[in-house]
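The values are calculated or read from the model by the stated rules, or taken from the named source; none is laboratory data. Note that the structure is predicted; figures quoted are calculated from it, not measured. Neighbour counts are summed over all protein chains in view; Cβ atoms, including those assigned to glycine, are modelled from backbone coordinates with ideal geometry.
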Amino acid sequence: MTLIGSVAMLMYGMKVMSEGLQKMAGSTLSNVLGKMTTNRFTGVLTGAFITAAIQSSTATTVMTVSFVSAGILSLAQAISVIMGANIGTTFTAWIMVLGGGSFDLRFVVYTTIILAVALIHYRRNTDLGEFLLGLALMLLGLTTLKINASEMHLDQMAPVRNFFVATSSWGYGSYFLYLLVGGILTFAVQSSAAIMAITMTLCSTHVLPIDMGIALVLGENIGTTITSNVVALSASVQARRAAMAHLVFNLFGVVWVLCVFRWFVGGVCEVWGVEFTPGVPSDVSPDKLNAVLATFHTSFNIINTMILIGFVPLLERLVTMIIPSKPEEKLTDSQLHFISGGLMSTSELSILQAWKEVHVFAVRTQRMVGMIHELLNEEDEELFEKIAARIDKYEGICDNMEYEIAQYLNQVADGRLSELSKREVHKMLRIVSELESVGDANYNLSRYIRHKHDSKIEYNETQNKNIELMIYLVSGAEAKMVEALERVNITEDEFLEMTNMENEINNFRDELKTRNMQDITDHVYDYSTGVNYMDIVLEMEKMGDYIINVEEALYEHKHDK
């Protein structure tokens, strides 16, 4: 139970540490990944750096798959980042080597826990506190694992020793067995670090031969790719290809290293002065055995990356052949584009997908304004009905998008978010609600235009010009809104410009209301024409209000940062 508990503490500590660091970094990790991938070499370095920092190759890979789905990264860029993530994840093994060494880390661990609890309790810097707490729990798990392993005396237990002796005497058959076991266990516990810790424990207690332990490590490399493939199942074709590239990359590495397996393992053992006999446990210090495992893990991934870095275009073509595009897979207007793949493993990073979907929502409401303009000027009966039907359809799409995005954001909010990210989710929920109101306003305009069409109401030239001008003003404001949402940013000058546009729409509305009453009194047109005319003008002015509300929420979000 102590063995299981220490592994659980190690896994939980890594999770808390990763989430704490991501909260401190906020969107910085996303920006780094998006900008520092100008070529395949910087992509590899970026993937390695981020994975080493957040201690989770799964989070990096899933984030990369999400960026491909969102169109921020190309497939080639994503492949290079994933290669780097494989190198970065080896940093975890070296932490275990240092944490499991001869130096007793318990004093450092408990001091760190005191500092972490103080930061969290007094709310000085809760994100840093969570990071330190996660680091302390991870090191405590490693220390407990090391102490418990020596106290269990696994090497003196005949059943345990006989089992490993029996399964280690089949030559390459044993390697394939342990490779399979490593893959299954990693997929089951969703943590290659936990399986690495168990592997180090078994090898350092002299019950598991070092070559079988390395075969387990190779299996971990395969098992960790399954998570990103599962996440990408319902995502875009490009995202599925990025996840498949991760699997193909690791499979290729396992194939070539098995061809030179004993030579490679013998070379790594020689570096650390460890005598290597296939299938026989090495009788040397635990520290050296752990160092051999970490060295193999790092050198294998670096060499595999060096081999394949020049063949990224070929790998890209291969995964394109494995997962071809299908016409029926093309997204329709009624589907979400960027959050169809489900919630990412880290809530902090899922916000990016939501912002991309909010921008798509805004673009769809912008299209509706164009349809309103067409409907207003369409005289052909059949075309009029088709445009009206499209507006009805888009109004339903807007209702559905509001619900699905809001539901997704609520799922994100259930995760462990920083205060800044919580405010960001709140702003997005407000923006989504306002965008749905823009869609409703367009639908109401189509109803007023249909009433005008069915009642044979004719506007005079001045009325037509005024409505055209109102549509021009509202369309301009919406175009500015869509542009700002695409960047998820609005400057103070841009917000001032938007405020002036909204005031211009309001002033024009007031002017038209006064002139309308005068024209009805002077019998320029009848009362029913005036009412229908003002219904359209007032609804457009309402749309302008909803648009400026979006801009205000975005400006407040930017100001919070």
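Of all residue pairs spaced 6 or more apart or on separate chains, those with beta-carbon atoms under 9 Å, a first member in segment 114-126 that is within 15 Å of Met24 (Cβ to Cβ) and a second member that is surrounded by 15 or more Cβ atoms within 10 Å (Cβ to Cβ) and of a type in the set (D, E, K, R) are Ala116/Glu130; Leu119/Asp127; Leu119/Glu130; Ile120/Glu130; Thr126/Lys23. Would you confirm whether or not segment 482-497 contains a residue that is part of a helix (DSSP H, G or I), touching a Leu at 6+ places or on another chain (Cβ under 8 Å) and either surrounded by 21 or more Cβ atoms within 10 Å (Cβ to Cβ) or on the phi > 0 side of the Ramachandran plot (or both)? Scanning segment 482-497, I find at least one residue that is part of a helix (DSSP H, G or I), touching a Leu at 6+ places or on another chain (Cβ under 8 Å) and either surrounded by 21 or more Cβ atoms within 10 Å (Cβ to Cβ) or on the phi > 0 side of the Ramachandran plot (or both), so the answer is yes.
Among the conditions (1) in a helix (DSSP H, G or I); (2) among the basic types (Lys, Arg); (3) at pLDDT 75 or above, the only one that Lys146 does not satisfy is (3). Confirm whether Lys542 is within 30 Å of Glu419 (Cα to Cα) and part of a helix (DSSP H, G or I). No.
A count restricted to segment 507-536 and to residues that are surrounded by fewer than 21 Cβ atoms within 10 Å (Cβ to Cβ), under 22 Å from Gln366 (Cβ atoms) and not charged (D, E, K, R) stands at 1.
The residues in segment 431-463 that are farther than 16 Å from Thr365 by Cα and not polar (S, T, N, Q) can be counted, and the count is 13.
Listed here are the residues, each with its yes/no results for (1) part of a helix (DSSP H, G or I); (2) among the polar types (S, T, N, Q).
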position	(1), (2)
Thr199	yes, yes
Leu208	no, no
Met212	yes, no
Ala215	yes, no
Glu220	yes, no
Leu233	no, no
Cys269	yes, no
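Looking at Leu258, Leu208, just one residue is surrounded by 23 or more Cβ atoms within 10 Å (Cβ to Cβ) and either touching a residue at least 40 places away in the same chain (Cβ under 8 Å) or more than 30 Å from Glu316 (Cα to Cα) (or both), and that residue is Leu208. Against the list (1) of a type outside the set (A, V, I, L, M); (2) at pLDDT 75 or above; (3) assigned to a helix (DSSP H, G or I), the condition Asp155 fails is (2).
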